[in-house]
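Since the structure comes first, as structure tokens, the remarks are kept for the end.
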Amino acid sequence: MYIKIHRGTTQIGGNLIEIGTAQTRILFDAGTNLPSLDGKENKDLIKIEGLTSGKPAFDWVFISHHHNDHCGLVERILPGIPILSGEETHRILDVISDFTDSPRPEIHLHFKNCQPVQLDDMRITPIGVDHSAVDAYMFLIQADGKNVLYTGDYRAAEQIPAKIRQLLGGQKLDILISEGTNICAERRGENAPQDENQVEQRACDLMKQYDGTVFVLCSSTNEERICAMHRAAKAAGRTVCEDLFLSAIRTGREGNTLRFVAHYTSEEKTPRTYNYFQHYFEESKLLGAESLAKLPGKKVIFIRTSMLPFLKNYLDCRPDEKNLLLYSIWQGYRETRPVKDLLDFCNVREIEVADLHCSGHAYRNAIQELIGALNPQALIPIHCEAQDREKFKALHPNCLMVRDGERWEV
């Protein structure tokens, strides 16, 4: 068995990890580079012979989760190479494609948590993990008498080692390929929430303090965060409001939720998205900004940076409220133009902003716990900044500083 990391050893995101044998080649994740914070177009032009160009030479592609830095290159994979993902990952990618009017991904098969997939001489077992994306997985890869674990992205791993040991059946783990997004930090600052439970409690406290509307800026695919906000709203006696896109991503999980239209749509204008909500339209169950604003009661409204026109119309109908925005995404996004515009709007409208976020990635102590529990023969760090890789050396005596494009025999 061999490992060849085409990209990801010295950067966060853009994962492209090939693991194979003399007769089988499998790619784990097909991610694009993270977008630049300055808003400049940053096309990912990477070419991999047999994967994105030339004749198909890979046998399979496995996608760990639906974040673009792990699956954004799927559309460039050559026809004839089968792609596998979790079922919910596939569904979410289809919804995003429909709303952005882009081609749906050609995903051919679905795998299930902890159910091994035998592909020729290689055995791959997906293991569900906690991350800021629902349906995220690690992969245990077994072939030629060797065992490799690729972590994908993960936040906490308390239950993972026991599952891995059970799957190994007494065999040793030869290689652990671990992400290290937060390798430089033991944990977030003392005053910051450390997990989703703390996010939920603080959100509830803040929701009780304000008389006006509470807006929540978070990822539409961060299901744990959205559920935490729903629970907080319920405990604070507030009604939750979701727009059509969020409702489509979540398949209307909560029944006691108001649905609203942030952007005009119709069967003629946007047929791909109209199908998701035809029954709402036909039964007149959708609200516009003005209609939503006129409803009595305290609300929690999930928003995105593209909703400034909606926010203006909503707030014009409720001019005297003291409102709050819960900023529940990565701090780095504050440097992007869309987020700056939203925060400037909040400043003009005197909407207070509260930071309320916890990372979807493991901190140094959690990474160390996973390494200690699994005791791999060797460790390969990925998904971390180039200057941060050295931090891994303190966590394992055999830390392999593999370079992009380098083939490593297991």
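The values are calculated or read from the model by the stated rules, or taken from the named source; none is laboratory data. Everything numeric in this text was worked out from a predicted model, so none of it was measured. For neighbour counting, all protein chains shown are included, and Cβ atoms are generated from backbone atoms with ideal geometry for every residue, glycine included.
At a glance:
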read-out: Residue count, region 38-63 (criterion: surrounded by 18 or more Cβ atoms within 10 Å (Cβ to Cβ), touching a Pro at 6+ places or on another chain (Cβ under 8 Å) and closer than 24 Å to Gly360 by Cβ); value: 2
read-out: Which listed residue is of a type in the set (A, V, I, L, M), farther than 19 Å from Ile329 by Cβ and touching a Leu at 6+ places or on another chain (Cβ under 7 Å), from Leu244, Leu287; value: Leu287
read-out: Residue match in region 181-190 (condition: surrounded by fewer than 17 Cβ atoms within 10 Å (Cβ to Cβ), without any contact (Cβ under 8 Å) to a residue 12 or more places away in the chain and part of a loop (DSSP other than H, G, I, E, B)); value: yes
read-out: Region 18-48, residues that are more than 20 Å from Glu106 (Cβ to Cβ) and part of a strand (DSSP E or B); value: Ile19, Gly20, Asn33
read-out: Residue ID - surrounded by the fewest Cβ atoms within 10 Å (Cβ to Cβ), chosen from residues in region 139-160 that are in contact with a Leu (Cβ under 6 Å, 6 or more places away or on another chain) and modelled with pLDDT of 95 or more; value: Leu140
read-out: Evaluation of Thr221 against (1) part of a loop (DSSP other than H, G, I, E, B); (2) within 30 Å of Ile5 (Cα to Cα); (3) more than 19 Å from the chain's Cα centre (by Cα) (one fails), failing number; value: (3)
read-out: First in region 329-350 and over 22 Å from Glu223 (Cα atoms), second anywhere and assigned to a loop (DSSP other than H, G, I, E, B) and β-branched (Val, Ile, Thr), Cβ under 9 Å, 6 or more apart; value: Phe345/Ile351
read-out: Only listed residue being surrounded by 13 or more Cβ atoms within 10 Å (Cβ to Cβ) and either touching a residue at least 12 places away in the same chain (Cβ under 8 Å) or in contact with a Lys or Arg (Cβ under 6 Å, 6 or more places away or on another chain) (or both), chosen from Arg403, Arg407, Arg304; value: Arg304
read-out: Criterion violated by Phe302 - all others in (1) at pLDDT 95 or above; (2) within 30 Å of His396 (Cα to Cα) satisfied; value: (2)
read-out: Residue check for Arg225: out of contact with any strand residue (DSSP E or B) (no Cβ under 7 Å at 6 or more places or on another chain), surrounded by 19 or more Cβ atoms within 10 Å (Cβ to Cβ), closer than 23 Å to Val134 by Cα and among the basic types (Lys, Arg); value: yes
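The rows are residues; the columns are (1) in contact with a Phe, Trp or Tyr (Cβ under 6 Å, 6 or more places away or on another chain); (2) of a type in the set (A, V, I, L, M); (3) more than 22 Å from Leu217 (Cβ to Cβ).
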{"position": "Glu242", "(1), (2), (3)": "yes, no, no"}
{"position": "Ser284", "(1), (2), (3)": "no, no, yes"}
{"position": "Gly297", "(1), (2), (3)": "no, no, no"}
{"position": "Lys312", "(1), (2), (3)": "no, no, no"}
{"position": "Asp320", "(1), (2), (3)": "no, no, yes"}
